[in-house]
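These notes concern the structure reproduced below.
The values are calculated or read from the model by the stated rules, or taken from the named source; none is laboratory data. Being a predicted model, the structure only gives us computed values, none of them experimental. FYI the Cβ positions are ideal-geometry reconstructions off the backbone, even for glycines, and counts take in every protein chain you see. Surface accessibility is based on the protein's heavy atoms, side chains included, excluding ligands, DNA and RNA. Shrake-Rupley method; radii C 1.70, N 1.55, O 1.52, S 1.80 Å.
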2 protein chains.
Amino acid sequence: MMDIVSTDDIRSAGPLPHAQSVTFDGPIPLELGAELPGVTCAYETWGTLNADSSNAVLVCHAISGDSHVARHDQNDDPGWWEYLIGPGKAIDTDRLFVVCPNVLGGCRGTTGPGEIDPKSGRPYGAEFPRITIGDMVSVQKRLAEHLGITRWRAIVGGSLGGHQAMTWVARYPKSTDLCVIIASSPRLTNQALGFDVIARNAIQTDPYYAGGQYYDQPQRPDTGLAIARMLGHITYLSSEVMEEKFDPDRHDPRQIASIFEQRFSIGSYLAHQGQKFTTRFDANSYLSISMAMDLFDLGTNRLQLMERFDEADCEFLLVSFSSDWLFTPAQSREIVNALTALDKPVTYAEITSPRGHDSFLIPDDIEQYAPLVQARLEDHCNEPVKLSAVEQLILELITPEASVLDLGCGDGNLLSALRSRGNEKIVGVEVAQANILHAAARGLRVIDYDLNHGLPAFIDGQFDFVVLSATLQAVANVEQLFHEMLRVGRKVIVSFPNFAYRALREDYVARGRSPKAPGEFSHEWYNTPNRRFPSIADVHDLCREKGIVMQREIYFDSETQAQISPDDDPNLNADTAILVLARNG
Amino acid sequence: MMDIVSTDDIRSAGPLPHAQSVTFDGPIPLELGAELPGVTCAYETWGTLNADSSNAVLVCHAISGDSHVARHDQNDDPGWWEYLIGPGKAIDTDRLFVVCPNVLGGCRGTTGPGEIDPKSGRPYGAEFPRITIGDMVSVQKRLAEHLGITRWRAIVGGSLGGHQAMTWVARYPKSTDLCVIIASSPRLTNQALGFDVIARNAIQTDPYYAGGQYYDQPQRPDTGLAIARMLGHITYLSSEVMEEKFDPDRHDPRQIASIFEQRFSIGSYLAHQGQKFTTRFDANSYLSISMAMDLFDLGTNRLQLMERFDEADCEFLLVSFSSDWLFTPAQSREIVNALTALDKPVTYAEITSPRGHDSFLIPDDIEQYAPLVQARLEDHCNEPVKLSAVEQLILELITPEASVLDLGCGDGNLLSALRSRGNEKIVGVEVAQANILHAAARGLRVIDYDLNHGLPAFIDGQFDFVVLSATLQAVANVEQLFHEMLRVGRKVIVSFPNFAYRALREDYVARGRSPKAPGEFSHEWYNTPNRRFPSIADVHDLCREKGIVMQREIYFDSETQAQISPDDDPNLNADTAILVLARNG
């Protein structure tokens, strides 16, 4: 078996050009019981820490990442989150002081298996103690103290970086104003564990692994490490994007020098990626960090997750990607649901992208979520708000102290007006991605969620008002949603178009055709997005049947812009109803 | 590095107890240009070939399968498709003569890399020529001739077995009455290719692989082969079923003797599976068969697929599984669409299962699809058919010679009546799984398909009649479907409930409530599955607007069971309309 890279290349792993470092004397206790005699932490910084140390942002990197998250000047190499971080960017280094440390266990200057063990005088190798994400975070905590930072403006991480960010908040609940968790999860799926197990087996059964003490050998376990990296690469991409990338030249692989099979285009890509990785990464570091990820586990159910975040004193922003099958949107949602049930301020968007887990590093996708990060790091924008007459009537029903959950909040018009008016705890739920991104970029708290699944993330009586404005006609499971709204809100405000409005009835009876009218009923029968067509009387009937109390009724005729009295047959004369509902008793 | 099994265990690979074999003298030319000096084919059989050799079924196995598809007697080991094949089962060995050969390239008695190369006097090893699925099928064709079978009653295969079945039909279009393709695909995805490339790299970089000539060595490339098998196992399961299987004892792995990591339950499972595999499989066979699968490619688009099957003279049954991400339902659908466009008789069901690719071997899932296989192997069942009055009226509109496509065919009631009446080319499309399985088990040709995607699989003017009976009210994209029906059918029969029926209008006007009536409109506004509520006049308007000719109008009042004359205001007096439509000109 031939080597695929020279050992000279391998030596290029080590501290990065712009890295600073600090050494903490030991013994440093580790979470699983062992200790390290001391720890060196390598890190890079951008921008300037302000006088009260309130503008510091911690960026946590993923398994094969490092401290070089952005360039330091125009001559510098671009960083791995170049599109997110820099002067004038979403994480604006003109205003913020950004810190990115290399993780414990890695091979870029922070203590790891390739560093010399002072006890033996040779590299730790496989003797490097088993570490956890918690241990990585402990080192970062020491670094924060060293830098004079007691509370971060934000902690931001993707993938393994997200695990670190969550561990920070779980361990040190008052350590940050904002926690940004991108493409991450509360724990690995068993499928992801399986891939990691295979990757580690490939490294450890490589004959050049030599029990982990290969540093003074002429050959290293490059074949095993390359196979591990190849496998990682498949899990970072989606099947869809692999077709796009590799099918056009499926049988026409790149010609590269490699011991690996290159019959197919995907084969030469994987061989190239695997091989390249061995020139910049240490196999023992891969084993160490990969095992730390596998051991990361915030809990298997919502209650366990809630315990972890119970004390958290920060805002949360979570972003997932539709085609990410390594850290799935469903896993991000588990975190969102736990935070929601804890009444923590959380914004969540699932970005539609074909690019799999790698999306979080890809410019096109960063462009989607960067404004959400930026909005949470800046003062609320004050985009002017223009309310419709019906929205204005709803606004007036809500007191300025009240908490509000707006279901189907659209781009956040009503929420923006509530915020301007002084309401503090206001949350939106929305399913259309453009609306979610718009509302979140306005600095509103909005959760990507389909109402047709009920409101399981929310707890009983969590809001003073739950609002369902101009959304009822699109709801599939109406009974469930009414039940859920009345469970979560002390009062429920429902506005909906009245299908028994005079003009519609006349249309139907006189012309024998499916009714049409301006506004919500302006579509043709064959292309309306609406699927529910209740009259005011229908909704009254449903409330009566379900024992729902109607506390307030407002009826409105859009044509005349006038309110219709409840005594003036609103079922005939109003085109819109606004009802304030509550549970019986 | 220690060995995980003794070489004695490995020697257990070889012909199976019940296998017979036949040797064909060479030279045997191979598809990629090389030749073999001769080929031995090992196979098993069940049942008795009848006098005219018309009851023979060929079963093709998957990558790690073999000829032992079912037990031969009560003392025998169960076979890998035991639930599908045997006396009285779906593939009934009381009636049928079943043949299952081991594939070329394998290690169970049919010629493969572990057999002695007569030229060198030692095993072929890596010198075994590269083979294709076509070469496997060529050997099976020789076997058929040897057995005196000129046309199979059926060729049945899952996964790689499906590739063989398709290759049979593509190469020898008149070789079978029926082709059953389970959990297969026209080619591997690039993702699947990537996994195979990694698996082969793991074997070939194992130091004991020794360039493929390890047969006389004390150690074999068991580590590489085990890693390949571990990887395979992840791709055979879904993430969902892995959670179910491995999460309950995630941190409590089985204790097994293995060099592989066993920290997690999934780790010990994979280690056990990987290790076990090395005792029954030869690494060179794995390389040979896996490469043949990767090279299998019926084409990248429908036209290429259509060319392959153009001459096919058989019925097709395809089954896929919802959670199969190795050979996805979308890939089965590519084959179905090509066959549909060729006007070949094809039935297709996507079984909802959480069990991934492995579903095709699992009793619970076999139970779902076995009746479909059985129905295609038996005479049509003659379940009595009871038609509604409206269905009877539709039946009468269709001549006994006409070809019919029934969209939203339900459990196949109208199709059964058409079949009894003598119509031959009748096809159903349905989206509800219970209905698909019921209709297919009745021996009807039904395709699992959502009408909201249009009818891209069907070609222009493919049917005399396209029927949309009592389905319009559930269609999201009505305009597209009308366009598509008139493209595919020379005539289109649409029956639908009339929303402007007198009783409904009265309800609406007098009571101001969303109309309700017996039948299709009996649901409440808040839980109706219907999403379109046209009147007869509405559909007339649409036809006028789109230039659709109304060739025939039948109106019906279910209450009085009487037809309503077109002159007698059917929009008021009929609750159901049946329209015969055609394109203008």
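Table for the structure above
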read-out	value
Residue within the stretch B:57-67 that is crowded, with 18+ Cβ neighbours inside 10 Å, more than 23 Å from B:Ile133 (Cα to Cα) and not basic (Lys, Arg) present	no
Residue within the stretch B:389-400 that is among the hydroxyl-bearing types (Ser, Thr, Tyr) and either surrounded by 20 or more Cβ atoms within 10 Å (Cβ to Cβ) or at pLDDT below 95 (or both) present	no
Filter result for A:Ala574 (more than 9 Å from every other protein chain (Cβ to nearest Cβ), in contact (Cβ under 8 Å) with a residue 24 or more places away in the chain and over 30 Å from B:Asp569 (Cβ atoms))	yes
All helices (runs of 4 or more DSSP H) inside the stretch A:159-273 with 1 or more residues being more than 18 Å from the chain's Cα centre (by Cα) and among the polar types (S, T, N, Q)	A:190-204, A:222-236, A:239-246
Hey, A:Glu553 touching a Lys or Arg at 6+ places or on another chain (Cβ under 8 Å), surrounded by fewer than 21 Cβ atoms within 10 Å (Cβ to Cβ) and charged (D, E, K, R) or not	no
Residue that is farthest from A:Gln204 (Cα to Cα) [pool: residues in the stretch A:274-296 that are within 11 Å of another protein chain (Cβ to nearest Cβ) and among the hydrophobic types (A, V, I, L, M, F, W, C)]	A:Leu295
Unique residue being more than 20 Å from B:Glu396 (Cβ to Cβ) and within 14 Å of another protein chain (Cβ to nearest Cβ) when the list is B:Glu559, B:Glu545	B:Glu545
Check on A:Phe277, over 22 Å from A:Gly158 (Cα atoms) and either open to solvent by less than 20 Å² (accessible area, probe 1.4 Å) or touching a helix residue (DSSP H, G or I) at 6+ places or on another chain (Cβ under 8 Å) (or both)	no
Conditions (1) more than 15 Å from the chain's Cα centre (by Cα); (2) not in a loop (DSSP other than H, G, I, E, B); number of the one not met by B:Asp343	(2)
Unique match (being out of contact with any Cys (no Cβ under 6 Å at 6 or more places or on another chain) and either in the same structural domain as A:Ser469 (by TED's automatic domain parsing) or over 30 Å from A:Arg229 (Cα atoms) (or both)) among A:Ala402, A:Ala370	A:Ala402
Residue within the stretch A:456-464 that is under 26 Å from A:Gln374 (Cβ atoms), open to solvent by less than 10 Å² (accessible area, probe 1.4 Å) and away from chain B (no Cβ under 14 Å) present	yes
Answer from A:Ala199, A:Ala154, A:Ala183 - the residue that is open to solvent by less than 30 Å² (accessible area, probe 1.4 Å), at the interface with chain B (Cβ under 10 Å from one of its Cβ atoms) and not basic (Lys, Arg)	A:Ala199
Odd one out for A:Phe533 among (1) more than 8 Å from chain B (Cβ to nearest Cβ); (2) closer than 30 Å to B:Tyr501 by Cα; (3) touching a residue at least 40 places away in the same chain (Cβ under 8 Å)	(1)
Criterion (modelled with pLDDT of 95 or more, open to solvent by 20 Å² or more (accessible area, probe 1.4 Å) and farther than 18 Å from A:Ile131 by Cβ) met by exactly one of A:Ser6, A:Ser12, A:Ser54	A:Ser54
Count of residues meeting criterion [more than 8 Å from every other protein chain (Cβ to nearest Cβ) and crowded, with 18+ Cβ neighbours inside 10 Å] in the stretch B:503-526	5
Output for the stretch B:77-92, where each listed residue is open to solvent by less than 20 Å² (accessible area, probe 1.4 Å) and in a loop (DSSP other than H, G, I, E, B)	B:Gly79, B:Trp81, B:Leu84, B:Ala90
Qualifying positions in the stretch B:473-494 - away from chain A (no Cβ under 11 Å), closer than 20 Å to A:Gly512 by Cα and surrounded by fewer than 21 Cβ atoms within 10 Å (Cβ to Cβ)	none
Of residues in the stretch B:292-322 being assigned to a helix (DSSP H, G or I) and touching a helix residue (DSSP H, G or I) at 6+ places or on another chain (Cβ under 7 Å), the one most open to solvent (accessible area, probe 1.4 Å)	B:Arg308
Set A:Tyr214, A:Tyr208: member being open to solvent by 20 Å² or more (accessible area, probe 1.4 Å) and hydroxyl-bearing (Ser, Thr, Tyr)	A:Tyr208
Any chance A:Gly412 is buried (at least 22 other Cβ atoms within 10 Å of the Cβ), under 25 Å from the mean Cα position of the chain (by Cα) and among the small types (Gly, Ala, Ser)	yes
Verdict on B:Ala90 being touching a Gly at 6+ places or on another chain (Cβ under 6 Å) and either farther than 17 Å from B:Gln20 by Cβ or of a type in the set (Lys, Arg) (or both)	no
Matching residues in the stretch B:258-273 - criterion: being at the interface with another protein chain (Cβ under 7 Å from one of its Cβ atoms) and at pLDDT below 95	B:Ile259, B:Phe260, B:Glu261
Selection within the stretch A:228-243 - facing another protein chain (nearest Cβ under 7 Å) and open to solvent by less than 10 Å² (accessible area, probe 1.4 Å)	A:Met230, A:Leu231, A:Ile234, A:Met242
Pairs with Cβ under 8 Å, 6+ apart, first in the stretch A:60-80 and without any contact (Cβ under 8 Å) to a residue 12 or more places away in the chain, second β-branched (Val, Ile, Thr)	A:Gly79/A:Val69; A:Gly79/A:Ile85
Meets criteria (closer than 16 Å to B:Gln191 by Cβ and either more than 10 Å from every other protein chain (Cβ to nearest Cβ) or touching a strand residue (DSSP E or B) at 6+ places or on another chain (Cβ under 6 Å) (or both)) for A:Gln255	no
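Residues checked against (1) of a type in the set (Gly, Ala, Ser); (2) outside the structural domain of A:Gly454 (by TED's automatic domain parsing); (3) surrounded by fewer than 19 Cβ atoms within 10 Å (Cβ to Cβ):
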residue	(1), (2), (3)
A:Ser332	yes, yes, no
A:Asn337	no, yes, no
A:Thr340	no, yes, no
A:Lys344	no, yes, no
A:Tyr348	no, yes, no
A:Thr352	no, yes, yes
A:Gly356	yes, yes, no
A:Gln374	no, yes, yes
